[in-house]
């Protein structure tokens, strides 16, 4: 799973009781200690720490092809819809 929060990517680090703890994608490569905590159903709880790098997410560096629905179905996310339209081959 991936969490995008404030233009940064986070991976699930661990689960504790009813919470998911997310670590910054750059934890190992850049020593970033920023963490996010959510409930199991995705509700925001809190942020711990600060990033040690520039934001690591842009729509251009995220492969969302697996998230875009098949042709003929609506995609609610305007960024994903735009990317899907640009990459659709008729």
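Values in this text are rule-based calculations from the coordinates and carry no lab data. Just so you know, these numbers come straight off a predicted model, no measurement behind them. With ideal geometry, Cβ positions are generated from the backbone for all residues, glycine too; neighbour counts draw on all protein chains shown.
Tell me which residues, restricted to the range 37-54, are out of contact with any helix residue (DSSP H, G or I) (no Cβ under 7 Å at 6 or more places or on another chain) and within 13 Å of residue 8 (Cα to Cα). Correct list: 47, 50, 51, 54.
Look through 28, 18, 60 and report the one residue that is in contact with a helix residue (DSSP H, G or I) (Cβ under 9 Å, 6 or more places away or on another chain) and without any contact (Cβ under 8 Å) to a residue 60 or more places away in the chain. Just one listed residue meets the conditions, 60. Among the residues of the range 10-30, the ones that are outside any strand (DSSP E or B) and farther than 19 Å from residue 55 by Cα come to 2 in all. Restricting attention to the range 48-59, the residues that are farther than 11 Å from residue 3 by Cα and surrounded by 14 or more Cβ atoms within 10 Å (Cβ to Cβ) total 3.
Give me a count of the residues in the range 3-25 that are buried (at least 16 other Cβ atoms within 10 Å of the Cβ) and more than 13 Å from the chain's Cα centre (by Cα). Number of matching residues: 2.
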